[in-house]
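Notes for the one structure printed next.
The values are calculated or read from the model by the stated rules, or taken from the named source; none is laboratory data. Because the structure is predicted, anything quoted here is derived from the model rather than measured. Don't worry about glycine lacking a Cβ; one is built from the backbone with ideal geometry, like all the others, and counts go over all protein chains shown.
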Amino acid sequence: MAQQTPLSRVEPLWREWMERWPTPAALAAAPPGEAVRHWGRLGYPRRALRLHAAAVAMVRDHGGEVPDTEAGLRALPGVGAYTAAAVAAFAFGLRTTVVDTNVRRVLVRALDGEAQAAPSLTAYERDLAESAVPSGRAASAVWNVAVMELGALVCTARMPRCEACPIADRCAWLAAGRPAYDGPPRRGQGYEGTDRQVRGRILALLREATKPLSRSEFDGCAPESGTVDRCLDGLVADGLVEPLARSRFRLPA
DNA sequence: TAAGCGTGGAT
DNA sequence: TATCCAAGCTT
């Protein structure tokens, strides 16, 4: 849930979700469309589908338990390098290297004196992070959560609170006078007028619907009908929408 | 490797 | 108001 989404926004929905589906088996028993429905407006609804698929995989391959190795975690749908490392470290206390957007920012600032990390994770940044993690198991687990929290709460992207930073006396970026970022620009996302916006509108309608919707009910989702058709096709291809006879659609059963 | 994928709060 | 950006993953 927290992938590309601030924890403060995730928390209330996470609590609701855990009450509804307390175990992998409980989630796996629900239709995938119900996972998408109760994902609400958290964003990136494919994550809901993959979380459901991960629950199915945990029931099928791991006796309904969360796998306790990084390789086992990494094999789950929707679990990439970051999430596998985070669960391995935070839930199981394993020694690994957690690299998320917060960790990347803290390390390049403190160690390299850069204002922000590169647009996407580089091999250099991964090496930097790996070389910084303590060798001991317990110490590494503390390190991973500490660096991430520092980035989330103090060494933030927009308004870093350097006056409250516990490593301010050792920060290369602060020592250099907090120079501005001069690397390649991050690609702007943009949203207005994109298929993502149209997909979001289509799914919002389907989440609220208690019965299948016909094609004409999506007319207002985009100015051109071709856009609606393309987005519906994409949603069906992604498994987020199930097509029925007579051009009717619903969340997947 | 780069592009595509949602949403909403903060600045 | 417009832009940035958030515990990334997949193809």
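Taken as a whole, the condition of being outside any helix (DSSP H, G or I) and farther than 25 Å from residue A:180 by Cβ does not apply to residue A:160.
Rundown of residues vs (1) within 14 Å of DNA strand C (Cβ to nearest atom); (2) among the polar types (S, T, N, Q), yes/no style:
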| residue | (1), (2) |
| --- | --- |
| A:81 | yes, no |
| A:88 | yes, no |
| A:91 | yes, no |
| A:101 | yes, yes |
| A:120 | yes, yes |
| A:127 | no, no |
| A:134 | no, no |
| A:139 | no, no |
| A:159 | yes, no |
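Of note, residue A:60 does not satisfy the criterion of being among the charged types (D, E, K, R) and surrounded by 15 or more Cβ atoms within 10 Å (Cβ to Cβ).
Could you grab me the full set of residues in the range A:17-36 that are under 10 Å from residue A:64 (Cα atoms), in contact with a Lys or Arg (Cβ under 9 Å, 6 or more places away or on another chain) and surrounded by 15 or more Cβ atoms within 10 Å (Cβ to Cβ)?
Correct list: A:28 only.
Take residue A:192 and tell me if it is loosely packed, with under 12 Cβ neighbours inside 10 Å, within 16 Å of DNA strand C (Cβ to nearest atom) and among the acidic types (Asp, Glu). Here the answer is yes, as residue A:192 does meet what is asked.
Each residue in the range A:22-70 was checked for being of a type outside the set (Lys, Arg) and assigned to a helix (DSSP H, G or I), and 27 pass.
Only one entry of A:183, A:177, A:151 meets the criterion of being in the same structural domain as residue A:114 (by TED's automatic domain parsing) and at positive phi, and that entry is A:177.
Condition check ((1) in contact (Cβ under 8 Å) with a residue 12 or more places away in the chain; (2) over 21 Å from residue A:50 (Cα atoms); (3) assigned to a loop (DSSP other than H, G, I, E, B)) across all residues:
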site	(1), (2), (3)
A:177	no, yes, yes
A:204	yes, no, no
A:228	yes, yes, no
A:232	yes, no, no
A:235	yes, no, no
A:252	yes, no, yes
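Across the range A:6-20, the qualifying residues are those that are of a type outside the set (A, V, I, L, M, F, W, C) and within 13 Å of the chain's Cα centre (by Cα), and the one among them that is farthest from DNA strand C (Cβ to nearest atom) is A:9.
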